[in-house]
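Read through the structure below, which is laid out as structure tokens, and then see the notes.
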Amino acid sequence: MEVTIEKFNEVMAALEAGTLRVAEKVDGMWQVNKWVKEVILAGFKLGAVTDMSQGQFSFFDKATFPVRKFSAEDGVRIVPGGSSIRRGAYVAPGAIVMPPAYINVGAYVGEGTMVDSHVTIGSCAQVGRHIHISASTQIGGVLEPAGALPTIIEDGAFVGGNCGIYEGTIVQEGAVIASGVVITSSTALFDATTGEFLPRNEAGRVVVPKGAVVVSGSKPLRRGPAAGSGVALYCPVIVKYRDEKTAGSVTLEDLLR
């Protein structure tokens, strides 16, 4: 697909306005808008490296990807202290960005979501409404390949501090990810309520089910020379599904804002 600078600017403006998204839910299934990613990727070829330095801080990046500009009319609280939101990212009214945080191109952050200190939201990641992304957590981006679904955190989820959610993982609505949990495309997710490992979806993605409460765990080595040695591998574990008590503790975060 041939992309002109005019087309690129048009798509960037639509992404920032929230009228266009890299991925969206259609009939209950997440689908990637591959062509939008292709336009974003074309932007790196269209722009030359330019000096974006400000004061004593030196920055050199493609001219097509400057830092986004906001105004009070956007309704987003960006607390002073060194956060950066790149062009082509959408941050909805009512969202809060605590310093320092970074939100990359193509990302979507929904209404009422808290992006806490030292959080990074990668390129094209889709973060829904009324979510708390706690301090020092990384939501990985998936820009390439263009047809790959990005990492998705659905409405009402809670992600604890020092977590890493990567490689197109889908965290479904209302799920709770405890502090320190890491999930990648190769992670085996164990459901302690059934005694079974959860299968990946038809696209090979790890999916944290709706309302699941996930903590860090381990699984013993059962094969090879180390079997029975007591050595265990990291494994996130669903310990229960969200109930009124869990919902109440998460709602407390709203009162602390």
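The values are calculated or read from the model by the stated rules, or taken from the named source; none is laboratory data. If you're wondering where the values come from, they're calculated on a predicted model, not measured in any experiment. Glycine gets a Cβ as well: all are built from the backbone with ideal geometry, and neighbour counts include every protein chain shown.
Brief remarks follow.
- Summed over segment 31-75, the residues that are assigned to a loop (DSSP other than H, G, I, E, B), aliphatic (A, V, I, L, M) and either touching a Phe, Trp or Tyr at 6+ places or on another chain (Cβ under 8 Å) or in contact (Cβ under 8 Å) with a residue 40 or more places away in the chain (or both) give a count of 1.
- Restricting segment 230-249 to residues that are under 20 Å from Phe197 (Cβ atoms) and β-branched (Val, Ile, Thr), the residue that is modelled with the lowest pLDDT: Val231
- Here Met1, Met29 are screened, and the one residue that is surrounded by fewer than 13 Cβ atoms within 10 Å (Cβ to Cβ), within 30 Å of Asn201 (Cβ to Cβ), over 25 Å from the mean Cα position of the chain (by Cα) and of a type in the set (A, V, I, L, M, F, W, C) is Met1.
- Counting the residues of segment 4-30 that are in a helix (DSSP H, G or I), free of Cβ contacts under 8 Å to residues at least 60 places away in the same chain and more than 17 Å from Leu143 (Cβ to Cβ) gives 7.
- Of note, Ile165 satisfies the criterion of being out of contact with any Lys or Arg (no Cβ under 8 Å at 6 or more places or on another chain) and either of a type in the set (Gly, Ala, Ser) or crowded, with 17+ Cβ neighbours inside 10 Å (or both).
- Pair list, Cβ < 8 Å and 6+ apart or interchain, from segment 218-242 residues that are under 19 Å from Gly180 (Cα atoms) and free of Cβ contacts under 8 Å to residues at least 60 places away in the same chain to residues that are surrounded by 15 or more Cβ atoms within 10 Å (Cβ to Cβ) and aromatic (Phe, Trp, Tyr): Lys219/Phe190; Cys235/Phe190; Pro236/Phe190; Val237/Phe190; Ile238/Phe190
- Breaking point among (1) over 15 Å from Thr184 (Cα atoms); (2) modelled with pLDDT of 95 or more; (3) among the aliphatic types (A, V, I, L, M), for Ala227: (2)
- Selection within segment 66-117: residues that are under 14 Å from the mean Cα position of the chain (by Cα) and small (Gly, Ala, Ser). The member of this set that is surrounded by the fewest Cβ atoms within 10 Å (Cβ to Cβ) is Gly110.
- Of all the residues in segment 154-188, those that are under 18 Å from Gly122 (Cβ atoms) and part of a strand (DSSP E or B) number 8.
- Filtered residue count, segment 118-139, keeping only those that are touching a Gly at 6+ places or on another chain (Cβ under 8 Å), closer than 23 Å to Pro80 by Cβ and either surrounded by fewer than 19 Cβ atoms within 10 Å (Cβ to Cβ) or basic (Lys, Arg) (or both): 2
- Pick from segment 181-217, criterion among the charged types (D, E, K, R) and free of Cβ contacts under 8 Å to residues at least 24 places away in the same chain, ranking: nearest to Ile238 (Cα to Cα): Glu196
- Among residues of segment 20-76, those that are of a type in the set (Phe, Trp, Tyr) and touching a helix residue (DSSP H, G or I) at 6+ places or on another chain (Cβ under 8 Å), counted: 1
- Residues of segment 6-23 satisfying the condition of being over 15 Å from Ala203 (Cβ atoms) and either of a type in the set (A, V, I, L, M, F, W, C) or under 17 Å from the mean Cα position of the chain (by Cα) (or both): Phe8, Val11, Met12, Ala13, Ala14, Leu15, Glu16, Ala17, Gly18, Leu20, Arg21, Val22
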